[in-house]
1. Provide a single number: the residues in region A:38-54 that are in a helix (DSSP H, G or I), facing chain B (nearest Cβ under 7 Å) and either surrounded by fewer than 22 Cβ atoms within 10 Å (Cβ to Cβ) or touching a residue at least 40 places away in the same chain (Cβ under 8 Å) (or both).
2. Consider residue B:91 carefully, then state whether it is at pLDDT 95 or above and assigned to a helix (DSSP H, G or I).
3. Before we move on, is residue B:37 in contact with a Cys (Cβ under 9 Å, 6 or more places away or on another chain), closer than 21 Å to residue A:87 by Cβ and at pLDDT 95 or above?
4. Of the residues A:99, A:63, which is over 21 Å from the mean Cα position of the chain (by Cα) and either facing chain B (nearest Cβ under 8 Å) or surrounded by fewer than 18 Cβ atoms within 10 Å (Cβ to Cβ) (or both)?
5. Quick one: would you say residue B:116 is free of Cβ contacts under 8 Å to residues at least 24 places away in the same chain and either within 14 Å of DNA strand C (Cβ to nearest atom) or β-branched (Val, Ile, Thr) (or both)?
6. If you take the residues in region A:69-83 that are touching a strand residue (DSSP E or B) at 6+ places or on another chain (Cβ under 9 Å) and closer than 21 Å to residue B:23 by Cβ, which one is farthest from DNA strand C (Cβ to nearest atom)?
7. Can you pull out the residues in region A:66-96 that are away from DNA strand D (no atom under 12 Å from the Cβ), facing another protein chain (nearest Cβ under 9 Å) and either surrounded by fewer than 21 Cβ atoms within 10 Å (Cβ to Cβ) or of a type in the set (Phe, Trp, Tyr) (or both)?
8. Counting just the residues of region B:15-37 that are part of a helix (DSSP H, G or I) and hydrophobic (A, V, I, L, M, F, W, C), which one comes out nearest to residue A:73 (Cα to Cα)?
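The values are calculated or read from the model by the stated rules, or taken from the named source; none is laboratory data. A quick note: this is a predicted structure, and the numbers were derived from the prediction, not measured. Glycine also receives a Cβ, built like all others from the backbone with ideal geometry; neighbour counts cover every protein chain displayed.
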Protein chains: 2
Amino acid sequence: MKDDKSNNDVCEITVIHQDVVDKVKKLMPEEEKLYDLAELFKIFGDTTRIKILCALFESEMCVCDIAATLGMNQSAVSHQLRILKQSKLVKHRKEGKVVYYSLADDHVIKIFDQGFSHIEE
Amino acid sequence: MKDDKSNNDVCEITVIHQDVVDKVKKLMPEEEKLYDLAELFKIFGDTTRIKILCALFESEMCVCDIAATLGMNQSAVSHQLRILKQSKLVKHRKEGKVVYYSLADDHVIKIFDQGFSHIEE
DNA sequence: TGAATATATGAATATTTGTTCATATATATT
DNA sequence: AATATATATGAACAAATATTCATATATTCA
């Protein structure tokens, strides 16, 4: 059933199909890229940030309006906006004391759409 | 600069543009849907799970082969596979003692592609 | 210049979550 | 039936992270 070279031990891990392991290892994207990808999705993995992004789909908004829309305090929203800004998912412009946030590009919308189509099955 | 009805207080939150807040509140998807979406993206927000999914892009694999490919122990991989299974991102078939995992559908690939195209800018 | 206000941010706290370890379950083999 | 092995899983621990509170910064207006 198992061919000769398929039962090895690598760092105490049993390997059943060495050929598959070798092939997949070669084909996998580099570590750093996968890390960055996980970091990006982590941003979307929080209800508050999802809500902020959804709100910005509809309209450019200032911080206190976002807070009012979500029923959260200004500080919490501001902290999350900083994270969204760092990931280049939102951009902002300042008009006097008021800072207006909007979506940086339409990647966000595309990613959301794919997400929605998965959960709606 | 500010029109009359635009300076209210709702639950101690200052609102500058009541019209925008009202409009966006109406257009936002329902709470539960946004929660589910965040839950889905949370799954992708972990390097181990990203790696598992990437590995499964290339080939159906059993648990110990995945563990060997990622250089992780069997238990950690198994825990993560359970999460991926629960979210219907992977499916599995059993062949004797060995359980083979593969991608459930191609939503994952599409979501990944969008993610990659965002970080590669 | 001084008061008011919109936003940002550091620190503390509470919660969530990933990994490890030990062990249970299920299947195959002798 | 007993043993070996592939996988699953509960509990404990450690690390990451979201929110709150207090306060700082920046801008406007009087």
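1. The first filter runs over region A:38-54 and keeps only residues in a helix (DSSP H, G or I), leaving A:38-44, A:47-54.
This time we only want the ones that are facing chain B (nearest Cβ under 7 Å), so: A:38, A:40-42, A:44, A:47, A:50-51, A:54.
Filter once more, keeping what is either surrounded by fewer than 22 Cβ atoms within 10 Å (Cβ to Cβ) or touching a residue at least 40 places away in the same chain (Cβ under 8 Å) (or both): A:38, A:40, A:42, A:44, A:47, A:54.
Residues meeting the conditions: 6.
2. Values: at pLDDT 95 or above: yes; assigned to a helix (DSSP H, G or I): no.
Criteria not met by residue B:91.
3. Numbers: in contact with a Cys (Cβ under 9 Å, 6 or more places away or on another chain): yes; closer than 21 Å to residue A:87 by Cβ: yes; at pLDDT 95 or above: yes.
Yes; evaluated as a whole, the condition is true for this residue.
4. Numbers: A:63 fails: either facing chain B (nearest Cβ under 8 Å) or surrounded by fewer than 18 Cβ atoms within 10 Å (Cβ to Cβ) (or both).
Of the residues listed, the single one that is over 21 Å from the mean Cα position of the chain (by Cα) and either facing chain B (nearest Cβ under 8 Å) or surrounded by fewer than 18 Cβ atoms within 10 Å (Cβ to Cβ) (or both) is A:99.
5. Working: free of Cβ contacts under 8 Å to residues at least 24 places away in the same chain: yes; either within 14 Å of DNA strand C (Cβ to nearest atom) or β-branched (Val, Ile, Thr) (or both): no.
When the stated conditions are applied, residue B:116 does not pass them.
6. The qualifying residue farthest from DNA strand C (Cβ to nearest atom) is A:71.
7. Listed by number, the list holds a single entry, A:88.
8. Pass one, region B:15-37, residues part of a helix (DSSP H, G or I): B:18-27, B:31-37.
If we keep only those that are hydrophobic (A, V, I, L, M, F, W, C) as well, we get B:20-21, B:24, B:27, B:34, B:37.
On the way: B:20: 18, B:21: 15, B:24: 17, B:27: 21, B:34: 19, B:37: 23 Å.
Selected residue: B:21.
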